[in-house]
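Shown next, in structure tokens, is the structure this report addresses.
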Amino acid sequence: MCGIIGYIGKREACPILIEGLGKLEYRGYDSAGVAVMNSGKTDVRKCMGKLRALEDAIRNDIPRGSLGIGHTRWATHGGPSDANSHPHTDCAGNITVVHNGIIENYMELKEALTAEGHTFVSETDTEVAAHLIEKFYDGNISEAVCRAAKMLQGSFALVVICNGEPDRIVAARRYSPLVVGLGKGENFLSSDVGSFLSYTRDAVYIDDDTAVTVTADSYSVTDFDGNPIRKEVHKIEWDASMAERGGYEHFMLKEIHEQPRALRETMRGRLSPDSGNVELPGLNLSDEYIKSVDRIRMIACGTAYHASMAAKYAIESLCKIHVDIDFASELRYREPLIDERTLAVVISQSGETLDTIVGLREAKENGAKVVSITNVVGSMAAREADGVLYTYAGPEIAVASTKAYTTQLMVLYMLALYIARIRGTVAPEDAKKYCEELWDLPEKAEIILNDYKAVREAANRYYCFNGFLYMARGINLASALEGALKIKEISYMHAEGYAAGEMKHGPIAMIDPTFATIAMCVKSKTYDKMLSNIREVKARAGEVIAIATNGDELIESYADKVIYIPETLEVFSPVLVAIPLQLMAYQVAKNRGPAIDQPRNLAKTVTVE
Ligand code: AGP
């Protein structure tokens, strides 16, 4: 997820671009750049680091001109570097592009363009778009952008300027957000309205597979074949900070709602429901090595550890490989059994958690190959591993991890299916079924997010209780621990996740009318056992909220409150179970009042032991 911006009008563009990028930094901050056109030439300034670094670099030599584009980057293809920073240009520097999204077919396009004599200076997918537009440019930049857009697969919001047409900016989008800001004698393009709200509240939202050509006093929207499309103008009521959060009150709520998109981006270019195939570029492990692995050790902290708990069930079931999971902070003080036939899987949203990095190094020192699963391109976990699988969740600003967790699960499920195919432990027809079910998860997540009245009602009843017990069996024990962690870290209430079968060995003594129990009771092979556990809690006057599968009527006679989610395979259910638990934690915290995005005593990345 990156931030893109464009300006055309009567004022100096650069200050407006820099100001707008400052409001887009929450979308990415690996590098930043601007391109300003003056007298038919485009001056590109860009550098690695946060926007501040770019401001320092241009302070004494600000590019002049009233037409320009800008970008703040969250790296996906090619680590953070000056060369990989946007904007990117074509061979002659006549066409300049900024981009938000992932161009899946960039490698094949890059090979074809290279064969035609184009030269590339970066590792990015975006630079391919600049050269593709150059290939099609014959005096009409709008047409060239549309022709190029039709050849791109994946997600993109492209903003393009051309030296030969200094009176316009052209943009095109598919899946990544793009909005036009309509000023007086000036116009704006951006990833979101926050970047131009101080100049205008009139906005035109651009839809998928459409392009827009913007001049200082006009805009025209077409499909990629040039057919005109009428668009209505929206009056934006948000203030700038609300715009940065997409209109949500907190980043956490925004990021909970981003999960369908994040899951789709994480699957994009990797999972094919039609073929039942999973491809994992970047894994960097040979088939022979994968067949030789006799043990997988997963190393993580916090929420990432909960993802590894769920993955243990999935990998052992699908791949028939023994899986150990370790808190990274514990691993280094044990003498773990790790050798050349161990595959270490390190999970870390930030890729910088010190305990986890130390665990990664310990595994390498003991001969293991290491694969990192991280959300940050170029992070330590990415750099020090033998292979890396990125989650494409975009920056996660809230301390409480949400979209990072569900996209970690998605990557782990894809890894399990990839390994299972190579080791022959899952039949092709079953692999196809699994892929189809994973492919449908984002849509099922949207169903949950479109109506969570039951979650709000539960939160409004239980937020003043003495504490919460999350109980589950099987793979959803991970969900129970994750749900408890969410509510602990943002509402400061006591909560714990527990194996439901263990309740009778102690925890059930806690149950009384002031203690709420949340039971993961989705369709599973332990469903009947969970009903019995719910009955045990009720027999001690405890109140029970059940997370259950749509259509389950029996649960209504057991639980005090039922929160339904769409049906999915039990092995994948943690992705959907997580969402009502995240929303529950959010609503309880909102009712109790603490600072949800930055809870007390916590940091987003723990770089100390
Ligand atoms: C999760 O909500 C917490 N913020 C915390 O447990 C976090 O998951 C943990 O610190 C690990 O962070 P990482 O994924 O960046 O390594």
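Taking (1) crowded, with 20+ Cβ neighbours inside 10 Å; (2) under 18 Å from residue 410 (Cα atoms) in turn, residue 281 satisfies each apart from (1).
Kindly evaluate residue 83 against the criterion of being within 21 Å of residue 213 (Cβ to Cβ) and under 28 Å from the mean Cα position of the chain (by Cα).
Details: within 21 Å of residue 213 (Cβ to Cβ): no; under 28 Å from the mean Cα position of the chain (by Cα): yes.
When the stated conditions are applied, residue 83 does not pass them.
What number of residues within segment 527-546 satisfy the criterion of being out of contact with any Pro (no Cβ under 6 Å at 6 or more places or on another chain) and under 14 Å from residue 516 (Cα atoms)?
Qualifying residue count for the region: 13.
Can you pull out every residue in segment 300-313 that is more than 10 Å from residue 405 (Cβ to Cβ), within 11 Å of the ligand (Cβ to nearest atom) and in a helix (DSSP H, G or I)? Don't jump to the end; show me each part of the working.
Narrowing segment 300-313 to residues more than 10 Å from residue 405 (Cβ to Cβ): 300-301, 305, 308-309, 311-313.
With the extra rule that they be within 11 Å of the ligand (Cβ to nearest atom), the set shrinks to 300-301, 305, 308.
Scanning segment 300-313 gives 305, 308.
Considering only segment 470-508, state which residues are more than 16 Å from the ligand (Cβ to nearest atom), within 16 Å of residue 584 (Cβ to Cβ) and either surrounded by fewer than 24 Cβ atoms within 10 Å (Cβ to Cβ) or under 27 Å from the mean Cα position of the chain (by Cα) (or both).
To start, the set of residues in segment 470-508 that are more than 16 Å from the ligand (Cβ to nearest atom) comprises 471-477, 494, 498-508.
This time we only want the ones that are within 16 Å of residue 584 (Cβ to Cβ), so: 471-472, 476, 494.
Result: 472, 476, 494.
Residues in segment 577-592 that are more than 10 Å from residue 482 (Cβ to Cβ) and of a type outside the set (Val, Ile, Thr): 580, 583, 584, 586, 587, 589, 590, 591, 592. What do you reckon, is residue 597 in a loop (DSSP other than H, G, I, E, B) and under 34 Å from the mean Cα position of the chain (by Cα)? Judged against the criteria, residue 597 is a match.
Contact map, segment 377-406: first residue closer than 11 Å to residue 251 by Cβ, second residue of a type in the set (Phe, Trp, Tyr) and within 14 Å of the ligand (Cβ to nearest atom), Cβ cut-off under 6 Å, separation 6 or more or different chains; pairs are 397/251; 398/251. Note on segment 160-186: residues that are of a type outside the set (A, V, I, L, M, F, W, C) and within 30 Å of the chain's Cα centre (by Cα) total 6.
There is no residue in segment 381-401 that is among the polar types (S, T, N, Q), more than 14 Å from the ligand (Cβ to nearest atom) and either at pLDDT 95 or above or over 22 Å from the mean Cα position of the chain (by Cα) (or both). Residues of segment 225-250 that are of a type in the set (Gly, Ala, Ser) and either part of a loop (DSSP other than H, G, I, E, B) or in contact with a His (Cβ under 6 Å, 6 or more places away or on another chain) (or both): 226, 246, 247.
Starting from residues that are of a type in the set (S, T, N, Q) and either near the ligand (Cβ under 9 Å from one of its atoms) or buried (at least 24 other Cβ atoms within 10 Å of the Cβ) (or both), keep the ones in segment 334-354 and report whichever is farthest from residue 392 (Cα to Cα).
Only one residue fits best here, namely 353.
Within segment 387-404, not a single residue is surrounded by fewer than 21 Cβ atoms within 10 Å (Cβ to Cβ) and more than 30 Å from residue 176 (Cβ to Cβ).
Number of residues in segment 300-320 that are more than 21 Å from residue 424 (Cβ to Cβ) and polar (S, T, N, Q): the value is 2. Within segment 412-427, does at least one residue satisfy the condition of being within 16 Å of the ligand (Cβ to nearest atom) and closer than 14 Å to residue 266 by Cβ? Yes, some residue in segment 412-427 is within 16 Å of the ligand (Cβ to nearest atom) and closer than 14 Å to residue 266 by Cβ.
For (1) farther than 21 Å from residue 16 by Cβ; (2) in contact (Cβ under 8 Å) with a residue 40 or more places away in the chain; (3) surrounded by fewer than 18 Cβ atoms within 10 Å (Cβ to Cβ); (4) small (Gly, Ala, Ser), each residue gets a yes or a no:
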| residue | (1), (2), (3), (4) |
| --- | --- |
| 182 | no, yes, no, no |
| 194 | no, yes, no, yes |
| 208 | yes, no, yes, no |
| 213 | no, yes, no, no |
| 229 | yes, no, yes, no |
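For the residues 5, 102, 69, the requirement of being at pLDDT below 95 and in a strand (DSSP E or B) singles out 102.
For every residue, the table says whether it meets (1) more than 16 Å from the ligand (Cβ to nearest atom); (2) part of a loop (DSSP other than H, G, I, E, B); (3) within 15 Å of the chain's Cα centre (by Cα); (4) of a type in the set (Asp, Glu).
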site	(1), (2), (3), (4)
252	no, no, yes, no
256	no, no, yes, no
262	no, no, yes, no
266	no, no, yes, no
274	yes, yes, no, yes
284	yes, yes, no, no
288	yes, no, no, yes
298	no, no, no, no
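Here residue 128 meets the list (1) assigned to a helix (DSSP H, G or I); (2) touching a residue at least 40 places away in the same chain (Cβ under 8 Å) almost entirely, failing just condition (2). All conditions in (1) more than 20 Å from residue 204 (Cα to Cα); (2) assigned to a helix (DSSP H, G or I) hold for residue 91, with the sole exception of (2). In the condition set (1) crowded, with 19+ Cβ neighbours inside 10 Å; (2) in a strand (DSSP E or B), residue 222 is compliant with all but (1). Do we have residue 595 as free of Cβ contacts under 8 Å to residues at least 12 places away in the same chain, within 16 Å of the ligand (Cβ to nearest atom) and not acidic (Asp, Glu) here? In short, yes. Only one entry in 585, 589, 578, 516 is crowded, with 16+ Cβ neighbours inside 10 Å, modelled with pLDDT of 95 or more and not in a helix (DSSP H, G or I), namely 516.
The values are calculated or read from the model by the stated rules, or taken from the named source; none is laboratory data. Note that this is a predicted model, so its numbers are computed, not measured. Reconstructed Cβ throughout: ideal geometry from the backbone, glycine too, with neighbour counts over all protein chains shown.
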